[in-house]
Amino acid sequence: MSTRLDGKVAVVTGSGMGAIKGIAIGLAREGAKVVTNNRKPGSVGLTAWSDADATERLLTDEDRRLIASISGDARTTADAIIAEGGEAIPFFGDPGDFEVAGELVQAAMDEWGRVDIVVNGAAGSGFGPFHKVTPDDWLLQTHTKLTGTYNVMHHVLPIMRRQGFGRILNASSDALPGKPMLAPYSAACAGIAALTRAVAGELDGSGITCNAFCPRSLSRNHINWRASMRKRLAGGGPEIDALKKRLDEEEKDHQAPEKLGPFLAYLATDEAAYINGAVFTVTAGGRIALYSEISTVAEVTKEGAPWTLDELRTVIPEQLLAGHVPVPTREPGA
């Protein structure tokens, strides 16, 4: 165990399994006391994964072993931290519920008297074409991630302001630019990035920072995706080289979740006080990237009379959208 975060208390939502479980363990290894969390005891399944039954049949024995290794709940993650000599308590409940989110934060206050770090990692995921997204799918993939993040931040910020210190780390995803087959999840992740930047600006100079991160590590969804890719590779076809390249790249990023811990721990340290409002990609394969802010890249103006359609037919493609690349209909493997 390290001591870089010694004395700090972390609340980590969605830390029962996958990437956020690895982050909770990583924070504890740096000395933080951790409240682990997920909605209820036991692991989740395929959630809103399109054709879940068919995907389940593609899983190999090795896939199932890996799923078991990253699965669990708030209790098993807390037990893993304690087994390594750290301090942790589990809390079961959905942070998407405003009152439950308050109880989650209060659990840390009751146990240790402060909250220094919040990792908003709770989320619901899914995969499939937008026309098959049901209202329940939409709610699963947007409510806990967006509303849950708001709820926890709302309850914890008064505490952090009194302390004069706080580190808020919100889990987004590299789906935030908008990924085919991930429409609801993309919407939620883009919202997290915008929320993070907006709140960060309000917190400037307070001793509290708010940053977002897009984690890539071994997860149930990655294992599902890899299984579907194997099926596509077995079918051959003109896309096979692109599929193989994509699979190799993704495998490099999706390693053990605990490898995400050091970077998130760094963002939680005193030394990282200068980092505020940033959105990062962090992979278990050792790759860290910084997103740019969203800004305009081209503009056309006209004084006086409004644009005519005949004018726009020329101006839009030749000036405003010169060099614009349309969104692809799908990614290899989708």
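The values are calculated or read from the model by the stated rules, or taken from the named source; none is laboratory data. Just so it is clear, the model here is predicted, and its values are computed rather than measured. Don't worry about glycine lacking a Cβ; one is built from the backbone with ideal geometry, like all the others, and counts go over all protein chains shown.
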Determine the pairs where a residue that is within 23 Å of A190 (Cα to Cα), located within region 288-307, has a partner that is in a loop (DSSP other than H, G, I, E, B) with Cβ atoms under 7 Å apart, the partner being 6 or more residues away or on another chain.
L290/A278
Looking at (1) closer than 29 Å to L203 by Cα; (2) part of a loop (DSSP other than H, G, I, E, B); (3) of a type in the set (A, V, I, L, M, F, W, C), find the lone condition where L260 falls short.
(2)
Do we have L243 as among the hydrophobic types (A, V, I, L, M, F, W, C) and either modelled with pLDDT under 90 or at positive phi (or both) here?
yes
Single residue of region 18-42 satisfying the filter (surrounded by fewer than 23 Cβ atoms within 10 Å (Cβ to Cβ), touching a helix residue (DSSP H, G or I) at 6+ places or on another chain (Cβ under 7 Å) and not in a helix (DSSP H, G or I)) that is modelled with the lowest pLDDT:
P41
Condition check: of a type in the set (A, V, I, L, M), at pLDDT below 95, assigned to a helix (DSSP H, G or I) and touching a helix residue (DSSP H, G or I) at 6+ places or on another chain (Cβ under 8 Å). Does I81 satisfy that?
no
Do any residues in region 124-153 that are part of a loop (DSSP other than H, G, I, E, B) have Cβ atoms under 9 Å from those of residues that are surrounded by fewer than 23 Cβ atoms within 10 Å (Cβ to Cβ) and of a type in the set (S, T, Y), where the two are at least six apart or on different chains, and which pairs are they?
G124/T47; G124/T142; S125/T47; G128/S50; P129/S50
Criterion first (among the charged types (D, E, K, R), at pLDDT below 95 and more than 14 Å from the chain's Cα centre (by Cα)) does D116 satisfy it?
no
Which of the residues that make up region 248-265 are surrounded by fewer than 17 Cβ atoms within 10 Å (Cβ to Cβ) and among the basic types (K, R)?
K252
Of the residues I294, I223, only one is part of a helix (DSSP H, G or I) and within 21 Å of the chain's Cα centre (by Cα); which?
I223
Exactly one of A193, A200, A188 is of a type in the set (G, A, S), at pLDDT 95 or above, assigned to a helix (DSSP H, G or I) and touching a Cys at 6+ places or on another chain (Cβ under 7 Å), and that residue is A200
Matching residues in region 164-205 - criterion: being within 13 Å of the chain's Cα centre (by Cα) and closer than 21 Å to P135 by Cα
A175, L176, Y185, S186, A187, A188, C189, A190, G191, I192
